[in-house]
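Let me begin by presenting the structure, written as structure tokens, before commenting on it.
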Amino acid sequence: QFGWMLFVANTLVCGAYLLSSVTGYVAFGDQTVSPILNNLPNLAIVNAATIVIIVHCVFALPVMLVSASLELELALGVMPGILGKKKELAWRVFMRTVTMGVLLGISIAIPYFGQVIDLVSAISTTVVFFMVPVFCYVKLLGWNRIPKYELLLCGVLAAIGGVACVWGLIDAIKSLQTAVQLGHG
């Protein structure tokens, strides 16, 4: 059932992104700006959507940081067997609050943060979603044990990832360059 649910979730998310991107491009053409809500007039519904997105980011970031936080806490000995339950909880809350504060400080301190994130995302997202799974699959099974049609599909996926990475990288560099030239930080 997990595989089916994963398929449904990915399809819904992909559909939502396609719906907003296609309708945004149809409505605004090459004048479409990112994020898509910046194309719309300053209405209450647009402000509500922006607030929902902000709330989502605030609650999603700690979930993304769980693995790193757990590793740091383990390395520093933040465990109930060592500190006791109350001290362990206090240390976890403190450490995760400091982590969020440091990340917030970094995002405020780095000029052109949005463009830098676009640059990092252009590389990391395409590599993580298109290329790493293909390379791991081939490495785990070996070239000789994978049917030719699957190798072809793996090659196509890796090529799509490579092209998307290059396009995203070019776009992100142009965006960063434009922001620096215009002084929009």
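Given the conditions (1) aliphatic (A, V, I, L, M); (2) within 25 Å of A179 (Cα to Cα); (3) modelled with pLDDT of 90 or more, which single one is not true for V33?
Exception for V33: condition (3).
Kindly establish whether T126 is closer than 30 Å to G183 by Cβ and either open to solvent by less than 80 Å² (accessible area, probe 1.4 Å) or not hydroxyl-bearing (S, T, Y) (or both).
yes
Out of (1) open to solvent by less than 80 Å² (accessible area, probe 1.4 Å); (2) farther than 19 Å from P35 by Cβ, what's the single condition that is false for L152?
Of everything listed in (1) open to solvent by less than 80 Å² (accessible area, probe 1.4 Å); (2) farther than 19 Å from P35 by Cβ, L152 misses just condition (1).
The values are calculated or read from the model by the stated rules, or taken from the named source; none is laboratory data. This structure is a prediction, so every number in the text was calculated from the model and none was measured. FYI the Cβ positions are ideal-geometry reconstructions off the backbone, even for glycines, and counts take in every protein chain you see. When the accessible area is computed, the model is the full protein with side chains, heavy atoms only, and any ligands, DNA or RNA have been set aside. Shrake-Rupley method; radii C 1.70, N 1.55, O 1.52, S 1.80 Å.
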